[in-house]
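Have a look at the structure below, then the notes.
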Amino acid sequence: MTGAGRVGVIVVAAGSGSRLGASVPKAFVPLAGVPLLGHALRGVLACAAVSEVVLVVPASHVESAQAIAEAVCREVGPAGAVTVVVGGAERGDSVASGLGALSAGVEVVLVHDAARCLTPVEVFDRVVAAVTAGAVAVVPGTAVVDTVKQVDVEGLVVATPDRSSLRAVQTPQGFRRDVLVRAHAASSDATDDAGLVERLGEPVLVVEGDARAFKVTTPADLETAARLLAEST
Ligand code: C5P
């Protein structure tokens with residue numbers, strides 16, 4: 001596929017985030033007074049190519065997500081349609097729920113973790129550009145600085161992959177819509193959407209990611225995010 005094709009973004013925010021130890025689901029934890037989901041949505045809407053956004057949230061937080069979306073849309077001005085749907089037990093279920101809510105005209109789908117709430121717009125732009133230039137699936141990734149060991153159940157090392165060939169991958173991950181739908185119909189148990197597409201035998205391209213696209217997982221990550229935000233304002 002080349003050229004036009006409406007771009008829809010699924011923001012998955014239905015996880016509990018138990019490792020953060022907060023009393024609300026992770027995407028609703030405040031960062032400088034704004035829930036992580038609000039920061040994530042701001043980042044998504046900064047990408048001019050995006051025409052619609054689906055927020056996938058826990059059933060308990062639909063109204064809260066709608067209020068967050070209204071507040072962000074008021075702040076950023078006219079934006080594409082933002083809808084809110086309920087997610088599922090596993091991340092894959094939440095992505096499938098988001099896929100079902102995209103309108104018929106969407107041909108390029110980005111899947112983004114709300115927890116990667118400070119992802120800069122350049123990463124969205126790079127992913128969209130690569131898919132619209134013809135790639136089937138695109139993931140942002142960064143070089144791995146640690147040496148990575150593959151271990152067995154006893155903790156014994158079985159392999160040391162060549163570090164120069166490894167990438168730590170992030171979101172947004174971008175796909176041709178038909179390919180992502182096919183991948184989700186075939187399986188759903190990968191830790192990222194590109195993993196499902198790989199199983200179809202389709203090529204997945206890595207473009208440059210960004211350290212700021214890290215996933216907020218622990219209380220220390222939340223502190224890092226607060227510091228980055230303070231430095232950028
Ligand atoms: O748990 P983890 O941090 O890996 O989740 C990554 C993203 O997937 C988060 O933004 C989380 O809200 C989302 N998720 C989801 N539905 C689930 C599990 C995770 O939307 N059932």
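For residues in the stretch 14-40 being of a type in the set (Ser, Thr, Tyr) and more than 17 Å from the chain's Cα centre (by Cα), which is nearest to the ligand (Cβ to nearest atom)?
Here is the first cut: in the stretch 14-40, the ones of a type in the set (Ser, Thr, Tyr) are 16, 18, 23.
This time we only want the ones that are more than 17 Å from the chain's Cα centre (by Cα), so: 18, 23.
Details: Ser18: 8, Ser23: 16 Å.
Only one residue tops the list, namely Ser18.
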| task | Quick one: in the stretch 2-13, of everything that is at pLDDT 85 or above and more than 15 Å from the ligand (Cβ to nearest atom), which residue is surrounded by the fewest Cβ atoms within 10 Å (Cβ to Cβ)? | result | Arg6
| Of these, Val29, Val57, which one is more than 17 Å from Ser94 (Cα to Cα), open to solvent by less than 40 Å² (accessible area, probe 1.4 Å) and touching a Gly at 6+ places or on another chain (Cβ under 9 Å)? | Val29
| In the stretch 64-105, which residue that is within 14 Å of the chain's Cα centre (by Cα) and more than 10 Å from the ligand (Cβ to nearest atom) is farthest from Val9 (Cα to Cα)? | Ala96
| remark: Over the stretch 153-166, the set of residues open to solvent by 60 Å² or more (accessible area, probe 1.4 Å) and either closer than 19 Å to Glu202 by Cβ or of a type outside the set (S, T, N, Q) (or both) is Val153, Glu154, Leu156, Val157, Val158, Asp162, Arg163
| note | Arg176: passes all of (1) in contact with a strand residue (DSSP E or B) (Cβ under 7 Å, 6 or more places away or on another chain); (2) surrounded by fewer than 21 Cβ atoms within 10 Å (Cβ to Cβ) but (2)
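Would it be correct to say that Val197 is within 16 Å of the ligand (Cβ to nearest atom) and not small (Gly, Ala, Ser)?
In short, no.
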| request: Return yes or no: is Gly43 open to solvent by less than 40 Å² (accessible area, probe 1.4 Å), part of a helix (DSSP H, G or I), within 16 Å of the ligand (Cβ to nearest atom) and not hydroxyl-bearing (Ser, Thr, Tyr)? | output: yes
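Anything in the stretch 111-139 that is more than 17 Å from Val7 (Cα to Cα), of a type outside the set (A, V, I, L, M) and either more than 10 Å from the ligand (Cβ to nearest atom) or surrounded by fewer than 21 Cβ atoms within 10 Å (Cβ to Cβ) (or both)? List them, or say none.
Passing the criteria: Thr119, Pro120.
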| query | Mind checking which residues of the stretch 200-233 are away from the ligand (no atom under 14 Å from the Cβ), open to solvent by 40 Å² or more (accessible area, probe 1.4 Å), in contact with a helix residue (DSSP H, G or I) (Cβ under 8 Å, 6 or more places away or on another chain) and in a loop (DSSP other than H, G, I, E, B)? | reply | Leu200, Glu202, Val204
| said: Can you confirm whether Val108 is within 16 Å of the ligand (Cβ to nearest atom), within 19 Å of Glu198 (Cα to Cα) and either buried (at least 17 other Cβ atoms within 10 Å of the Cβ) or of a type outside the set (Lys, Arg) (or both)? | reply: no
| request: Output the residues belonging to the stretch 185-199 that are open to solvent by less than 50 Å² (accessible area, probe 1.4 Å) and over 16 Å from the mean Cα position of the chain (by Cα). | output: Ser187
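The values are calculated or read from the model by the stated rules, or taken from the named source; none is laboratory data. If you're wondering where the values come from, they're calculated on a predicted model, not measured in any experiment. Glycine also receives a Cβ, built like all others from the backbone with ideal geometry; neighbour counts cover every protein chain displayed. For the accessible areas, the whole protein counts, side chains as well, though only heavy atoms, and no ligand, DNA or RNA atoms are used. Shrake-Rupley method; radii C 1.70, N 1.55, O 1.52, S 1.80 Å.
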